[in-house]
Structure formats: structure tokens, C-alpha cells
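Notes follow the structure.
Bear in mind these aren't lab numbers, they're just calculated from the coordinates by the rules spelled out. Predicted model only: the values in this text are computed from it and were never measured. So basically every Cβ, Gly included, is an ideal-geometry build from the backbone, and we count neighbours across all protein chains shown.
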Amino acid sequence: MGTREYFDEVEARKYFVEPHIPVFAEFERWKGKKVLEIGCGIGTDTIRFARAGARVTAVDLSEESLTVAKRRAAVFNMEDRITFYQTDAERLSEIVPVETYDLVYSFGVVHHTPRPENVVRQMRRYMGPQSVFKMMVYHRYSYKVLWILFTYGKGAFWKLDELIARHSEAQTGCPVTYSYSRRSVRDLLEGLTVESTMVDHIFPYSIPEYKRYEYKKTRLFRWMPTPLFRFLEKRWGWHLCVTARMEGPGPQEQR
């Protein structure tokens with residue numbers, strides 16, 4: 001961990017199983033722009049933004065993740081392009097200076113905080129009329145939710161929220177996990193105009209082999225034609241990717 005080889009492997013593995021991320025993030029689009037990333041983890045997307053020429057402010061709740069992300073920035077000589085902060089996204093403006101960013105980006109994070117609407121209110125403070133907001137949250141009407149419901153819940157749909165929280169991640173017992181439909185995500189993004197939504201990502205690999213870095217598909221997907229698999233991903237994928245803008249002048253411009 002912490003070597004260039006380690007980080008290269010993490011990046012290759014991430015975008016191999018989630019190739020829609022570069023399509024959604026549009027890393028190259030933000031050259032010379034300011035990017036605020038909420039929930040940077042160990043910095044895989046962070047480095048891609050910086051490598052493309054963006055100036056990045058990266059935020060995470062985990063001190064351990066930020067330690068690895070900072071090491072990553074040092075390994076790739078990107079320290080001058082990235083500023084890191086440790087804070088709760090629901091209290092973002094208490095730590096991160098409020099200024100306007102060209103892109104506010106959060107992938108797979110907002111649905112894991114107790115009050116996602118508070119995060120959205122905070123993010124709006126860093127947006128102006130020309131700012132773009134990109135966020136991935138989990139898709140309610142997805143293959144994975146159906147799989148969780150019948151594999152772990154035995155069809156007990158009235159326990160669905162609890163089941164999703166418990167089994168949404170590779171490690172069981174995640175304390176908070178929300179899921180959204182295209183309609184409900186618009187309610188979450190109050191004060192923003194949703195420009196587009198994109199559904200993608202079904203994980204087709206067997207977990208035990210995947211943990212050993214072997215990409216062996218499960219029986220259901222092993223013989224499925226690629227066009228059919230992509231059709232399913234675009235309709236019942238686990239990732240709901242949303243692009244939005246401010247409805248009117250942001251809080252900064254109103255003051």
C-alpha cells in the first residue's frame with residue numbers, strides 16, 4: 001500500500017468494474033477549473049481530476065482514507081493541485097472556506113449520511129449560476145435491491161430500507177444507506193435543476209474470486225450477451241448518476 005504500483009492497480013481495477021465513472025465525471029472537461037469533491041476516499045477520482053488539470057478541493061470524513069489520499073497525491077506529484085480537508089459533509093462550511101466551484105462532485109457518498117438533505121444544502125453554498133453538480137446515489141429500482149430483497153430478506157419488502165443498509169456494501173452492517181428513484185432524487189436536490197440522470201452498473205463477478213483479483217462472472221451473467229447485459233445495466237443498474245445546476249443565484253451571489 002502507498003506505492004505507485006498499488007495506486008495504479010487500484011485505479012485500473014476501479015474503472016475496469018465501473019467504466020461508467022469516467023464517462024459521468026468527464027475528468028478532461030475540468031482542465032483549468034475548480035473542483036470540490038465530497039467524499040474522496042483514497043483519492044482515485046481526485047487524482048484523475050488533478051491529472052486532467054483541475055484544481056481540486058477534496059473532503060472526506062475518514063482520517064485514515066485521507067492519509068492514503070495524501071500519500072497518493074505525493075506519489076504522483078499532485079500536492080500543489082489538491083487541497084484536503086477532513087470534515088462531515090453535513091457541516092462542510094464550518095471547515096471548508098465557502099467559494100464558488102465550477103464542479104461539485106460526489107460519487108457514492110451522500111446516501112451514507114444520516115441527513116442527505118443537509119449535505120445538499122451545504123453543497124449549494126459552493127455553487128454559482130455556472131456551476132455543475134454531479135452526484136451518484138444508489139438506485140432504488142435496481143437489480144441489486146431486488147437481489148438483496150430476495151437473498152437476505154426472503155421477500156420481506158417492508159424491511160427493505162433496513163436490508164439495503166445492512167447489505168449494500170461488501171462489509172455488512174453499514175449504519176446508513178439510502179436509495180433513490182429518479183423522482184425522489186429530484187426531491188432531495190431541492191434548489192437544483194436536474195439536467196440529466198443516468199442509471200448504470202451491475203456487478204457481474206463472483207465475490208470470492210474477485211477478492212483474489214480473479215474476474216469470474218456468476219452463472220447468471222456468464223453466458224449473457226453483452227448487449228443484453230448493457231440493456232439491463234441502463235435500466236436496473238445500482239448507480240443513479242445525476243447532473244444538476246442551480247435553479248437561480250447561489251447563496252454566495254445573493255449576499
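Ordering of 148-156, 218-226 by packing is 148-156, 218-226, highest average first (other Cβ atoms within 10 Å, averaged per residue). Summary value for the chain: 18 percent relative contact order, contacts being C-alpha pairs under 8 angstrom separated by 6+ residues. What the phi angles of the stretch 99-110 give under the Karplus curve with 6.51, -1.76 and 1.60, with θ = phi - 60°, is a coupling list of 8, 8, 10, 6, 9, 10, 10, 8, 10, x, 10, 4 Hz, glycine and proline written as x. Computed about its Cα centre, the charge dipole of the chain is approximately 780 debye, with only Lys, Arg, Asp and Glu carrying charge at their Cβ. With K and R counted +1 and D and E -1, the other residues having a Cβ less than 13 Å from that of ALA50 yield a net charge of +3.
Report, in deg cm²/dmol and to the nearest 500, the calculated mean residue ellipticity at 222 nm for the chain, where each DSSP H run with n ≥ 4 adds -39500 (n - 2.57) and the sum is divided by the residue count.
Value at 222 nm, helices only, nearest 500: -10500 deg cm²/dmol.
Taking a straight line from the alpha carbon of LYS31, these lysines sit under 28 Å away, with near neighbours fewer than eight places off in the same chain left out: LYS14, LYS70, LYS134. I'd like the distance separating the alpha-carbon centroids of the stretch 79-112 and the stretch 148-191, in whole Å. Value for the Cα centre distance between the two parts: 24 Å. Electrostatic tally near VAL176: other residues with Cβ closer than 12 Å to its Cβ, Lys and Arg +1, Asp and Glu -1, net -2.
Take every DSSP beta bridge whose two residues both sit in the chain; close to 45 percent of them are antiparallel.
Among residues other than LYS216 with Cβ under 13 Å from its Cβ, the summed charge is +3 (Lys and Arg +1, Asp and Glu -1).
For the pair TYR215 and ARG115 in one chain, pulling the backbone fully straight at 0.36 nm per residue adds 32.4 nm over the alpha carbon distance. Per-residue extension of 0.36 nm, minus the Cα-Cα distance of THR226 and GLU79, leaves a gain of 48.9 nm for this segment.
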